[in-house]
Amino acid sequence: MVQRETYLTGFTCLRCGTDFLPVDVTYTCPRCGGNFDARYDYPQIRRVLTPALLKNREPSLWRYRPLLPLRLPESPISLSIGMTPLTRAPNLGHALGLERLYIKNDGLNPSGSLKDRASFVVIAHCIEKNIHHVCTSSSGNAGVSLGCLGASARIETTVFVPQSAPPPKIAQLLVYGARVFLIRGSYSQAFSVCEKVSSHLRLYNRNTGTNPYTREGKKTVAFEIWEQMGFDVPEWVVVSVGDGNIISGVYKGFFDLHEAGLIDRMPRLTGVQAAGSAAITHAFEGDGVIRPVKAETMADSISVSAPSDGEAALLAVRQTDGRMIAVEDGDILESIRRLAAHEGVFAEPSGAACLAGLEKLVSGQHVHSRDRVVLIVTGHGLKDVDRASEIAGKAITVEADPDEVLQILKTTGD
C-alpha cells in the first residue's frame, strides 16, 4: 500500500522530557522507562484540519488522519471506529441540577468499547510495519478490541486475561479468533506475563503504558466531542480511570487541538476510579506518588493495582485544574441503573462509574448548573450482564392468560 507523509514529528518522554524521532521509538523511553507522548507539526495541522475541511470526511476516526501517527493514505480496516453519538441527557441533568449534561456513548464502537480507538491505531501501525502478530494483556475490553480489529485486518492476536474477567468478554475474544490465555491472577499479573512473553518471542506488544500508539487512538474521542459540540469544548469531561490511558488520551486530544490553535482553552478533566482500585486518586489527594494497591472492585475494566499510565493521568488532571474521585461499587451499580432507566444508555460497570463520580463532583459544588458537562461511557452493558442483573429487578412470570396480566396491572396501578 502506498504511503504518504505524516505530520508526526517525534515523541517526548513524559518522565524525563527527552525527545526522540519516530524511527527511534518502539515502546517506553530507553533512558528512564517513562511513557512516550507523540508530537506533531501543529501549524500545518491548523491548515489541514479546519471545520470546513472536516465537513465531507468519512464518519469515523479516520477523518482526523492528520493528527494520527500513521502514513497510510486510507483506512486499512473495514470496520467504522469512532464518531459515536454525543447526546443530551436531560433527565439525568434535571436530577443533578445540570442544564447542559451530555453523554458520549463509546459503547457503540464495533467491539463495544472506547478501546477500539486505540486498537485501530495499533493495528494500522502493524500494517505499516508489516507486523503479523500482536499481543496484549487485558482485563477484557482491550483484548476484545484487539481481537475484533485484528480479525478485520487478518492479523494474529494473543491476549492474556485474568481468569476472573466476565464470561461475555472471554466469549467475545474467542469468537474473534484470538488466542486467549486465562491467567490465574490479577490484571497486573497478566500484564507482567504479557511483557515477558512478548519480549521473549518478539511479538508486537499493544500493552497500555508500553505502546505509545494506544493514547493516539484514544485521543480521538476528544476530537469528536469538539466537533460534535460545534467546534467548541465543554467546561467538564468526566471519564472512568483504570490504568490512566483513557484520560491521558482525552487530555492529549484536547492538547493537540489547543496546540493547533483550534481551541482557546482546555476543558477540566475528572477521572473516576473505583474506591477499591484508586491508586491514581490516592496520589492526586496525597503527595503525587503513585503506589500500587490491591485492586478489589467488580468494575473489572478499571480494576488495576499498578496503573501503567498513571503519571500521564495525573498530568492530565492537574494541567486542566480537574479532579480525581473514588466511588464505591454500590454507587457504580446504581449508576448502571440510572443511565439505563433515565437515558436509555446501557453501560458496563466501568462505563457507568463516570456518573457516580459526577454526582460527587456536583455535591462538592465544583460544577455550576450552566456548565456543559460530558460523561464518556467507555463500554457497553452487554459486556457484563451479571452485574446489571444485580440491580435490574425481577420480571413477572404469568400464565399465558391476558386476564391475569390485566389483574396484576390493575393491582399495581400501571
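The values are calculated or read from the model by the stated rules, or taken from the named source; none is laboratory data. In this text the structure is predicted, and so the values were computed from the model without any measurement. When we count neighbours, we look across all protein chains shown, and the Cβ atoms used for this are built from the backbone with ideal geometry, even at glycine.
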### Task
Please identify the pairs in which a residue from segment 161-179 that is touching a residue at least 24 places away in the same chain (Cβ under 8 Å) and among the β-branched types (Val, Ile, Thr) has its Cβ atom under 6 Å from the Cβ atom of a residue that is in a helix (DSSP H, G or I) and crowded, with 18+ Cβ neighbours inside 10 Å, counting only partners at least 6 apart or on another chain.
161/143
### Message
Can you list the helices (runs of 4 or more DSSP H) lying wholly within segment 106-221 that have 3 or more residues being under 28 Å from residue 87 (Cα atoms)?
### Response
116-128, 141-153, 167-175, 213-218
### Checklist (1) in a loop (DSSP other than H, G, I, E, B); (2) surrounded by fewer than 23 Cβ atoms within 10 Å (Cβ to Cβ) applied to residue 331, failing item
(1)
### Task
Considering every residue within segment 370-385, establish whether at least one is over 13 Å from residue 240 (Cβ atoms), crowded, with 24+ Cβ neighbours inside 10 Å, assigned by TED's automatic domain parsing to the domain that holds residue 299 and at pLDDT below 95.
yes
### Query
When you scan segment 339-358, how many residues do you find that are surrounded by fewer than 21 Cβ atoms within 10 Å (Cβ to Cβ) and assigned to a helix (DSSP H, G or I)?
3
### Message
Every residue in segment 121-163 that is of a type in the set (Gly, Ala, Ser) and farther than 13 Å from residue 190 by Cβ, please.
### Response
124, 145, 147, 150, 151, 152, 153
### Message
Looking at residue 252 and the list (1) of a type outside the set (Val, Ile, Thr); (2) part of a loop (DSSP other than H, G, I, E, B); (3) surrounded by fewer than 24 Cβ atoms within 10 Å (Cβ to Cβ), which single condition is not satisfied?
### Response
(2)
### Query
For segment 92-103, does any single residue satisfy the condition of being under 21 Å from the mean Cα position of the chain (by Cα) and outside the structural domain of residue 246 (by TED's automatic domain parsing)?
no
### Message
Given the criteria out of contact with any Lys or Arg (no Cβ under 6 Å at 6 or more places or on another chain), touching a residue at least 24 places away in the same chain (Cβ under 8 Å) and surrounded by fewer than 24 Cβ atoms within 10 Å (Cβ to Cβ), does residue 133 qualify?
### Response
yes
